[in-house]
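Engineer: My structure is below; once you've seen it, I'll send some questions.
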Amino acid sequence: MATERTLSIIKPDATKRNLTGKINAKFEEAGLRIVAQKRIHLTKAQAGEFYKVHAERPFYDELCDFMASAPVVVQVLEGESAIAKNREVMGATNPADADAGTIRAEFAESVGENSVHGSDAPETAAEEIAYFFAGLEIVG
Ligand code: ADP
Ligand code: MG
């Protein structure tokens with residue numbers, strides 16, 4: 001096991017419903033430390049660049065519109081095996097498949113509007129963190 005950092009986004013469906021604190025509590029209860037955090041409102045182009053890996057998927061346009069529809073909270077989470085641990089705390093992409101107690105089981109509205117994003121591997125975590133944060137903004 002090693003200490004890792006992962007990129008998390010609290011998505012528009014959750015910021016609109018004032019769930020930032022409840023979601024952050026889930027991370028902290030799981031031992032993930034919030035070492036950087038800011039609230040921003042993405043443009044559709046910025047959302048599209050972030051999710052470009054999904055550009056060919058049928059839901060891409062809808063996803064970019066959704067991510068630009070209201071503010072998001074972008075954050076860096078740090079801890080032992082933080083990438084996998086955060087994916088566990090988030091739950092499955094589709095809330096209908098998410099384990100009880102996970103963020104998506106408790107808060108997500110649909111497979112698209114599913115409250116949180118989390119990086120899926122060390123390489124994507126590094127890229128995604130660098131997309132939103134300068135090194136000086138991350139304080140572990
Ligand atoms: P995850 O966020 O769990 O890593 P993916 O990387 O597969 O999931 O998808 C990225 C995001 O695209 C999802 O979190 C969700 O917001 C959206 N999405 C994925 N699948 C669908 C779908 N079938 N319909 C609508 N939106 C989807
Ligand atoms: Mg993903």
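Engineer: Find the centroid of the Cα atoms in segment 90-140 and in segment 7-28, then give the distance between the two in whole Å.
Structural biologist: 10 Å
Engineer: In addition: Using a 1.4 Å probe, what is the accessible area per residue for the chain, in Å²? Display every interim value, and only then the final one.
Structural biologist: Working: 7190 Å² over 140 residues.
Using a 1.4 Å probe on heavy atoms only, each residue of the chain averages 51 Å².
Engineer: Amide H of Glu4: which non-local residues (sequence gap of 5 or more, or other chain) have their own amide H closer than 5 Å, using H built in the peptide plane?
Structural biologist: For Glu4, the qualifying residues are Gly79, Glu80, Ser81, Ala82.
Engineer: A further question on this structure: Give the carbon-plus-sulfur fraction of the accessible surface of the chain in %, rounded to a whole number; probe 1.4 Å, heavy atoms of protein chains only.
Structural biologist: 50 percent
Engineer: Using all alpha carbons of segment 11-115, what is the percent of pairwise distances in each 10 Å bin, ordered from the shortest bin to the longest?
Structural biologist: 15, 43, 38, 4
Engineer: In addition: Using Cα-only point scatterers and the Debye equation, what is log10 of I(q)/I(0) for segment 20-67 at each q in 0.24, 0.28, 0.30, 0.31 Å⁻¹, rounded to two decimals?
Structural biologist: Per q value, in the given order, log10 I(q)/I(0) is -0.83, -0.90, -0.97, -1.01.
Engineer: Something else: Residue by residue through segment 35-49, which ³J(HN,Hα) values in whole Hz follow from phi under the Karplus form 6.51 cos²θ - 1.76 cosθ + 1.60 (θ = phi - 60°), with glycine and proline marked x?
Structural biologist: 9, 7, 6, 8, 9, 9, 10, 5, 7, 4, 5, 5, 5, x, 5
The values are calculated or read from the model by the stated rules, or taken from the named source; none is laboratory data. Everything quoted here is computed from the prediction, not taken from an experiment. Protein only, heavy atoms only, side chains kept; ligands, DNA and RNA dropped before computing areas. Shrake-Rupley method; radii C 1.70, N 1.55, O 1.52, S 1.80 Å.
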